[in-house]
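Colleague: Handing you a structure now.
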Amino acid sequence: MKTIDSIPTSKIQRASKLVSTGAKIGVNYLKYYGDKITKTEDEAKARLNENNAEDIYDGLKQLKGSALKVAQMLSMEKSILPAAYVEKFSLSQFSVPPLSPALVSKTFKNYFGKNPNEIYDKFDLVSVNAASIGQVHKAEKNGKKLAVKIQYPGVAQSIASDLSLVKPIAVKMFNIRGKDSDKYFKEVENKLVEETNYVLEVEQSKAIVAACKHIPNLNFPNYYPELSSDRIITMDWMQGVHLSEFSTDNQEVSNKLGQALWDFYMFQIHNLKKVHADPHPGNFLISPENELIVIDFGCMKTIPMDFYVPYFELAKPENIENPVYFEEKLFELEILRKDDSKEELDFFRAMFHEMLSLFTQPFHQEVFDFSDEVFFGKISDLGQKYAKSTELKNMNGNRGSKHFIYINRTFFGLYNLMHDLKAKDVKINNFKSL
């Protein structure tokens, strides 16, 4: 894979890259209008989506950092984004061009004050895995195989400026209005800042490992603070394949892995009130023994009780079907607003009733089949319905607690992973006995 010798780090350099990407998209639209003359609308739109997805991804992968992280988050929105975008943005999860060996060595010395060969007995300057915020290298020390994650230069310093460039697009996409919208962008910014703090990540990793190591069929690396810094993490090298590359015809294995993944998330959410809020395939490995390995704890979301209680109250079918109670919880969760018009109240009450009635179905049963194509087909259809809704586009999209951003992301990602595993017979409340 081609390597990168430099990353744009200044605000001007990064803005220029986005402007040049925008120019390419403009050319793609000109091609689209030409294609409409000789092709069907569906064929022309498909080509437009493929060209735009490729150009946007090519621009973001050179910027890395929070810009690429946004693409990674969007790749999980399978029911909303066109397939071309999901396919291309999914590459940001674990397959982007790495830093060149020369830049790795320079970056490591800047962060640690020493070259890698002064710290480890062996260190491979060629990355084995490159993602949005950092890349991973193999190393050895005292006979132990290690994984060393190095943060890309300039990533931490460019978060605020990157988000300010993305904000106008997001406001238009999600129809967010009013000054209160800043709370959503601040939530994302704060989480991205946390993800660049590797000292915090090591602390979080050790805490979650200690709390969850008893869960069956789940494994974690050990972390080494003395070989880590605010931009470098050293942990055990874990043998396995990424979840996205794993496949098996053995239903028992699928069920075992699915149960471990579900138990891991439910135990965190309900017992710890803090959750691994980045459930994409690049953060999980499957060991040769068919155990689930969790390898990244940069994005952890604390769940406050004033959000946790109404959120899970609305997972109960009797509450969804109680109009008065249902509306009360929607106000508590800031989905309905005091300044809403009658039209907005009626629309969002009906919309969330439809969504929650479907999305909470696994919680209505003791055992659930996450391989059910009908269930996931309905989720996809519902996402498409509201993505195309002209009525929704005319409503104020500035609604919902800021905590929805990462909690909903957690559940959408978890559901997709469970479906990818084709896990059946998953015991929903198994975490209560762990």
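The values are calculated or read from the model by the stated rules, or taken from the named source; none is laboratory data. This one's a predicted model, so the numbers in the text were calculated from it and none came from an experiment. With ideal geometry, Cβ positions are generated from the backbone for all residues, glycine too; neighbour counts draw on all protein chains shown. Remember, those area values only see protein heavy atoms, side chains included, never the ligands or the DNA or RNA. Shrake-Rupley method; radii C 1.70, N 1.55, O 1.52, S 1.80 Å.
Colleague: State the extension gain, in nm to one decimal, for the chain segment bounded by Lys186 and Glu328, taking 0.36 nm per residue of separation less the distance between their alpha-carbons.
Modeller: 48.5 nm
Colleague: For labels at Arg47 and Glu391 in the simple 7 Å Cα→Cβ model, what's the distance in nm?
Modeller: Simple spin-label model gives 3.6 nm for this pair.
Colleague: Full extension from Lys106 to Ala207: what is 0.36 nm times the residue separation minus their Cα-Cα distance, to one decimal in nm?
Modeller: 33.2 nm
Colleague: Give me D for region 275-434 in µm² s⁻¹, whole number, from Stokes-Einstein with Rh from the Kirkwood sum over alpha-carbon pairs, 10 °C and 1.306 mPa s.
Modeller: Diffusion coefficient, whole number: 91 µm²/s.
Colleague: Next up: Write down, largest first, the equivalent ellipsoid semi-axes of region 229-287 in whole Å, where each equals the square root of 5 times an eigenvalue of the alpha-carbon gyration tensor.
Modeller: Largest first, region 229-287 gives 23, 19, 9 Å.
Colleague: Something else now. Got a sec to turn the phi values of region 243-249 into Karplus ³J(HN,Hα) couplings, 6.51 cos²θ - 1.76 cosθ + 1.60 with θ = phi - 60°, whole Hz, x for Gly and Pro?
Modeller: For region 243-249, the Karplus-derived couplings read 4, 5, 9, 8, 8, 8, 9 Hz, x marking Gly and Pro.
Colleague: Starting from the 7 Å offset along Cα-to-Cβ, what nm value, one decimal, do you get for the label separation of Lys145 and Gln384?
Modeller: 4.4 nm
Colleague: Still on this structure: Quick one: of Lys191/Lys427; Lys191/Lys256; Lys138/Lys427; Lys316/Lys432; Lys274/Lys393, which pairs are farther than 26 Å apart, Cα to Cα?
Modeller: Long pairs (Cα-Cα over 26 Å): Lys191/Lys427; Lys191/Lys256; Lys138/Lys427; Lys274/Lys393.
Colleague: Report, in whole Å, the centroid distance computed from the Cα atoms of region 241-306 and region 95-154.
Modeller: Using only Cα atoms, the two centres lie 26 Å from each other.
Colleague: I'd like the FRET efficiency for Glu245 and Leu358, computed as 1/(1 + (r/R0)^6) with the beta carbon distance as r and R0 of 25 Å, rounded to 0.05.
Modeller: For Glu245 and Leu358, the calculated efficiency is 0.25.
Colleague: Assuming 0.36 nm per residue, please report the length gained on full extension of the stretch Thr38 to Met305 beyond their Cα-Cα distance.
Modeller: Working it through step by step, the gained length comes to 90.4 nm.
Colleague: Here's a follow-up. For region 247-351, just the Cα set please: Rg and Dmax, both in angstrom.
Modeller: 18.7, 57
Colleague: If you don't mind, there's one more thing I want to ask. Could you sort Glu354, Glu201 by their accessible area in this structure, using a 1.4 Å probe and putting the largest first?
Modeller: So, going from the largest accessible area down, we get Glu354, Glu201.
Colleague: Same structure again: When only the heavy atoms of the protein chains count and the probe is 1.4 Å, how do Trp262, Trp237 rank by accessible area, highest first?
Modeller: Ranked list, largest accessible area first: Trp237, Trp262.
Colleague: About its Cα centre, what dipole magnitude does region 320-415 give when the only charges are +1 on Lys and Arg Cβ and -1 on Asp and Glu Cβ, stated in debye to the nearest 20?
Modeller: 440 debye
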